[in-house]
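Beneath this line is the structure, given in structure tokens, with notes to follow.
Coordinate-derived values only; no laboratory data. Quick caveat, the model's predicted, so the values are computed rather than measured. Because the Cβ atoms are built from the backbone with ideal geometry, glycine has one as well, and the counts that use them run over all protein chains shown.
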Amino acid sequence: MEPSVTVLKEDHERLVRMASGLLSKNPDLAEDLLGELERARIVATSEEAGVTVQMGSTVTFSTEDGGSRVVRLVYPDEADIARGCISILTPIGTALLGLPIGGQIDFVANDGRLRKLTVTLVEQSREPV
């Protein structure tokens, strides 16, 4: 069963447009993101979203192999892996969107392997990178 996800309305609209524009160039990635957005609970304010991973959030998560990472979920034009800023248009970025603390999700990593992550901390920020 997939975990519930919550997405802010303003981000949901922008992400749907972005994913729809990718359908012809990268259909798998676009369909993964659209699938997450389709099942999301859409809310108007960050208060309604609670402590969930949103665009601009800094997220600490662990993986099934015991690893832990801290990343910031950003739009593609702000992505900079060296600074820990990962794009929503990556498998891990799409997987993180909307998860609460304690939320777990399986995703297919860039290397094609099925991975699982668990969100352990979320810090909200709407500031640009």
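Between the range 1-48 and the range 53-129, the C-alpha centres lie 14 angstrom from each other. Note on the chain: antiparallel DSSP beta bridges, both residues inside, total approximately 75 percent of the bridges counted. Here Cα extents along the principal axes in Å was computed from the coordinates, and among (i) 44, 27, 25; (ii) 36, 35, 33; (iii) 36, 34, 30 the match is (ii). Across the range 6-123, the relative contact order, built from alpha-carbon pairs under 8 Å that are at least six residues apart, equals 25 percent. Going by neighbour counts of Cβ atoms within 10 Å, the residues I101, I81 line up, fewest first, as I81, I101.
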